[in-house]
Amino acid sequence: MAFGQHQTFYLRQQWLNKGLNEIKGRPRFFYEDNHFEVLGVGKNMAKSIRYWLSATKLTKEVRTTQIEVVPTDLAEVISMNDPYIKNQFSLSLLHYLLVTEINEATTWYWFFNIFNERVFTKAMLIEQLSKWVAESFQKQVSTSTLKKDIDCLIQLYTVKDYNNQTPEDVIKSPFEALELIQMTTGQNYMKSPLNYKPSTSILYITLLKYFEKHEVNEISLSELVNNEELWGRVFNLDRDTILTYIDVIQEKYPVKFTRTNHLDVIRIEKTFEWLDELKAIYEKEVIL
């Protein structure tokens with residue numbers, strides 16, 4: 001489990017791009033004495049940038065004679081096709097990878113995969129997260145650390161009011177564009193469906209990723225709606241919306257949806273490398 005690794009800083013626009021540019025050809029960049037000055041941020045913010053790169057699966061640590069931080073194959077694909085990581089397809093994919101990684105972004109995993117309430121307050125999140133952590137892990141985590149995670153999560157996803165702010169005052173998260181958390185009234189927030197149209201490409205590629213990770217090639221509709229790491233949970237989609245998307249996905253991709261009296265099953269008809277399919281989607285479908 002991992003809590004508080006973001007140093008209280010939510011992901012900012014350009015951080016991922018800046019971090020990736022610096023480590024290309026310089027795998028020891030984050031160990032250089034002046035790396036935070038090169039990034040133009042403080043030391044803790046530089047640690048945060050390194051964390052977000054890792055948590056979104058754009059970098060990984062490798063050990064040679066020393067620890068190095070290098071781009072992943074995913075980072076190479078995204079950098080080639082969406083170098084500034086602004087497209088909602090790219091952001092939706094990074095969101096999926098972030099919230100399905102329980103070991104590196106535990107609070108994010110809990111919120112999108114386990115926490116069931118649609119409308120909530122920060123106080124409710126802290127209370128229920130604390131209870132889940134106490135029941136799930138032997139190691140204790142302080143309430144203050146969990147509170148910082150919740151604050152960061154809300155800041156990362158909630159659309160903020162930038163009216164009457166100067167450009168210098170705007171500190172925007174790229175994940176705001178997905179609109180997965182909305183502020184309602186007072187201190188209340190609400191989970192909202194993914195704001196990305198067309199969504200079929202991101203649903204297809206994340207399904208492939210799930211199948212590869214869990215070594216399966218079919219799944220029931222009920223699981224797709226309700227299970228951890230799948231569309232209903234990570235993208236806040238209800239059953240009817242998922243059914244609508246499945247009809248379109250069947251027409252575009254090698255996905256077969258079979259309806260029976262006892263079980264509705266979604267199956268991938270061939271074996272694909274998800275990164276190869278990702279490249280094809282960028283080349284044929286993603287408009288930058």
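For the range 268-281, backbone phi angles converted through the Karplus equation (6.51, -1.76, 1.60; θ = phi - 60°) give residue-by-residue couplings of 8, 7, 9, 8, 10, 7, 5, 5, 5, 5, 4, 4, 5, 5 Hz, Gly and Pro being listed as x. Expressed as a whole percent, the accessible surface of the range 184-288 that belongs to carbon and sulfur atoms is 46, based on a 1.4 Å probe.
What's the local net charge at I242, with K and R +1, D and E -1, over the other residues with C-beta under 13 Å away?
Details: positive: R233, R239; negative: E223, D238, D240, D247, D264.
Net of charged neighbours comes to -3.
Solvent-accessible area of the range 1-70 (1.4 angstrom probe, protein heavy atoms only): carbon and sulfur portion equals 45 percent.
Charges were assigned to the Cβ only: +1 to each Lys and Arg, -1 to each Asp and Glu. The resulting dipole of the chain about its Cα centre is roughly 420 debye. Among the trypsin sites (Lys or Arg not before Pro) found in the range 1-74, those both in a DSSP coil and sparsely packed, with 15 or fewer other Cβ atoms within 10 Å of their Cβ, are K24, R28. Residue separation of M124 and T65 scaled by 0.36 nm, minus their Cα-Cα distance, works out to 16.6 nm of gained length. Going through the cross-link list K160/K252; K18/K256; K139/K160; K18/K122; K24/K197; K172/K197, which pairs have a Cα-Cα distance over 29 Å in this structure? Distance filter (> 29 Å) returns K160/K252; K18/K256; K139/K160; K18/K122; K24/K197. This model, with +1 at the C-beta of Lys and Arg and -1 at the C-beta of Asp and Glu, gives the range 1-134 a dipole about its Cα centre of some 180 debye. Sequentially through the range 181-191, phi angles give Karplus couplings (6.51, -1.76, 1.60; θ = phi - 60°) of 10, 10, 7, 9, 10, x, 9, 8, 10, 9, 6 Hz, Gly and Pro residues having no value and appearing as x. Just to verify a number: FRET efficiency for A280 and I171, C-beta to C-beta distance, R0 = 35 Å, to 0.05? Step by step, r from the Cβ atoms, then E = 0.50. Once a ≥ b ≥ c are taken as the square roots of the eigenvalues of the Cα gyration tensor of the range 100-217, is the result rounded (a/c under 1.5), prolate (a/b larger than b/c) or oblate (a/b not larger than b/c)? Oblate is the answer for the range 100-217, as a/c is 1.5 or above yet b/c matches or exceeds a/b. Cut-off 13 Å, label point 7 angstrom out along Cα-to-Cβ of T145: give me the residues of the range 108-132 whose amide nitrogen falls inside. Flagged as within label range: 130.
The values are calculated or read from the model by the stated rules, or taken from the named source; none is laboratory data. A quick note: this is a predicted structure, and the numbers were derived from the prediction, not measured. Don't worry about glycine lacking a Cβ; one is built from the backbone with ideal geometry, like all the others, and counts go over all protein chains shown. Each accessible area value is taken on the protein alone, full model and side chains, heavy atoms only, with ligands, DNA and RNA left out. Shrake-Rupley method; radii C 1.70, N 1.55, O 1.52, S 1.80 Å.
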